[in-house]
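What follows is a set of notes on a single structure, which appears directly below.
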């Protein structure tokens with residue numbers, strides 16, 4: 001008699017996998033979605049950031065032209081034009097082009113809108129620029145002379161912003177002066193990313209009060225000239241208020257504008273992917289535990305342990321592949337939506353508002369897909385190894401926990417990981433990025449999850465000696481006797497909850513600190529800001545007119561100018577204001593200023609970026625000289641990420657020679673209507689400056705600032721919401737799977753007289769207990785991770801500090817939702833598990 005054909009073990013294993021997914025498709029979907037969410041977020045953030053950076057770099061190159069090197073003024077006031085001939089005669093310099101560069105505005109009447117259109121106004125010597133930056137030269141369509149003093153050439157972006165056509169008249173305001181020009185042509189080679197206007201350099205100097213000044217010199221080196229030697233020769237000729245900038249310096253400076261913001265978003269997305277990996281681990285562990293007798297049967301039929309391990313890992317890889325593919329598609333859609341709603345910097349406000357065209361990046365898609373697949377494989381490896389190590393004879397009759405309940409779960413692996421996370425948090429930044437900080441968060445997350453069996457036992461221990469009703473006692477005994485399965489159930493809860501808690505605490509702390517800071521720096525009733533006042537502001541006469549306005553009780557004038565301290569860093573902001581020690585939010589100790597020295601107060605980022613502290617001295621490149629100042633203290637500033645220096649008003653004027661001011665803080669007389677006062681002040685400014693003046697009350701400024709904050713953290717809020725959803729879905733999937741896997745157990749309980757209602761109560765109690773343990777662990781771990789974000793990641797990324805604030809109402813709601821979800825899901829899943837099928841399932845054991 002011929003024996004019936006039996007499939008080989010590998011074929012049977014393949015059938016088993018397919019059958020598992022057919023029977024429980026939700027488990028496959030949830031695992032794939034968990035990976036898809038992390039991949040989608042990471043890919044979307046990367047795609048938007050790279051596209052926005054490319055657009056921003058094009059805009060920078062558009063303004064800078066194609067020069068080999070540039071000499072840039074340390075401040076918008078520029079440097080003496082006498083530097084130009086010295087540079088032009090420097091050995092190795094083939095050509096040099098002098099440039100006047102100022103911020104200009106097309107008047108509101110010109111644009112037909114309420115707000116003037118800003119653009120960069122360049123004054124060029126056409127003959128010199130032709131040899132260095134020909135892309136910045138405009139030619140009239142009729143080939144008429146480009147030297148016409150009435151002619152102006154606009155980029156397409158400027159033409160669109162000004163709502164003008166060729167041949168139209170346009171009025172530009174710059175340096176407190178308005179002048180009209182005829183649009184003679186388009187800058188055809190500047191692209192659509194930057195609003196630029198070009199006129200003759202002599203007209204720029206004469207018409208906009210820049211006589212004897214230049215803001216930059218573009219340089220083309222002689223062919224074959226050693227760049228390092230040329231830069232050394234040029235640097236030797238530079239005054240203190242000029243900086244030599246290479247294309248690499250410009251790239252580094254522009255990249256630094258948003259580098260920390262971009263990296264932080266991508267790291268948060270990767271943490272979300274790691275959380276998804278824990279959910280995959282949870283799902284795979286439950287699936288393996290439920291199928292342990294089936295795997296044991298395959299082992300008896302001849303399947304080797306290694307082949308079984310590969311089989312389970314392949315399951316995870318397929319889940320990862322599906323999730324990664326879905327994540328790439330969702331990520332591209334999210335990126336397109338983010339660009340539309342938030343702009344190219346995801347609401348950060350760091351890269352301007354240039355037009356951004358989203359480009360798909362196949363290499364980036366492949367990298368993020370591989371990361372997603374790798375996370376899924378790694379998440380399946382531990383369950384696979386456990387299944388391969390199981391004894392077939394025992395596993396054939398045991399689908400429960402593999403750990404002997406008499407053995408106390410080890411807590412040292414979790415403690416080791418937590419300790420390593422703490423050590424990583426103490427590390428310095430790497431390449432000015434908090435890479436060790438994020439490593440610390442990953443280690444803390446892994447340590448918290450690894451410690452769950454031990455922690456669950458520790459939290460359940462006080463309940464062991466209580467006299468409880470039978471259903472509650474059964475629930476407690478089940479969790480005590482199956483710590484590994486309890487830990488698997490807790491894994492997804494703890495991972496998603498801790499991530500959400502960490503981000504919520506960080507954002508709440510940051511927002512609260514910003515709000516407190518705004519209250520400190522905005523004590524007056526009305527504030528005035530002159531837009532585009534880098535090269536000129538309110539002169540003493542205008543200041544006197546404003547101070548004499550009826551309704552003004554007191555007015556303080558301030559001046560802010562960008563100051564370039566290093567060629568490869570973004571400029572800092574130099575501020576002059578009356579009595580800074582009494583008006584800025586100082587932190588830490590202040591140092592008495594030695595007699596005869598100038599006191600300077602630096603913001604927190606200056607401490608990190610320039611390695612400065614109170615008591616140090618630094619030199620400021622002002623007025624063609626290097627001016628020494630004494631650092632008397634540090635102040636908190638959330639508005640300027642790249643640093644600010646504050647001087648007393650009289651010292652600012654003495655060092656810069658600038659008596660104009662660009663801002664004012666106004667205290668109103670009792671009974672004064674702020675709106676009427678603003679109208680009177682605007683009239684006293686005159687039509688030119690009045691068009692550039694922006695007035696606001698403190699409540700409006702706070703509302704705008706917090707709105708910008710919320711916009712900047714929109715992606716973080718989205719991550720929080722996703723973490724909550726992942727946590728709730730993970731809870732539902734975990735308890736549903738565990739409950740269905742215990743059908744025989746429930747059948748045995750029914751056989752010995754336990755009623756269905758009591759089993760349902762037991763399941764709800766199990767779910768509630770696990771939910772409470774998960775919430776406690778998730779909250780504790782999340783608060784710990786938030787301290788890494790607050791005290792490590794943020795200072796190393798953005799160079800400012802904040803005070804911790806715990807959003808207790810949010811956490812109370814989260815705890816209630818997770819506990820209810822755990823209890824409710826377990827009870828709902830139990831309705832099927834305690835049916836008549838459960839009683840029949842017991843027969844399989846006989």
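A short reminder: the numbers here are calculations on the coordinates, not readings from a lab. Keep in mind it's a predicted model, so treat the numbers as computed, not measured. Glycine gets a Cβ as well: all are built from the backbone with ideal geometry, and neighbour counts include every protein chain shown.
General observations
- Peptide ranges 316-329, 587-600 listed from the most packed, as the mean C-beta count within 10 angstrom indicates: 316-329, 587-600
- Per-residue packing, averaged as other Cβ atoms within 10 Å, sorts the ranges 439-448, 643-652, 512-521 into the order 439-448, 643-652, 512-521, beginning with the highest.
- Maximal additional length on extending the residue 416-residue 233 stretch stands at 60.3 nm, based on 0.36 nm per residue less the C-alpha distance.
- Percent RCO, i.e. relative contact order, over the range 526-696, from Cα pairs under 8 Å lying at least 6 residues apart: 38
- Residue separation of residue 431 and residue 131 scaled by 0.36 nm, minus their Cα-Cα distance, works out to 104.2 nm of gained length.
- With contacts taken as Cα pairs under 8 Å at a separation of at least 6 residues, the range 79-240 carries a relative contact order of 34 percent.
- Share, in percent, of DSSP beta bridges within the range 79-240 that are antiparallel, nearest 5: 75
- Note on residue 717 and residue 520: with the Förster distance fixed at 22 Å, the Cβ-Cβ geometry gives a FRET efficiency of about 0.30.
- Sorted peptide list for 218-224, 776-782, criterion being average Cβ within 10 angstrom, highest first: 776-782, 218-224
- Förster radius 30 Å - calculated FRET efficiency between residue 707 and residue 569, Cβ distance, rounded to 0.05: 0.55
- 19 Å reach of a label modelled at residue 223, 7 Å along Cα-to-Cβ, counting backbone N of the range 78-94: 91-94
- Extending 7 Å from Cα along the Cβ direction at residue 591 and again at residue 676 yields two label points whose distance is 5.1 nm.
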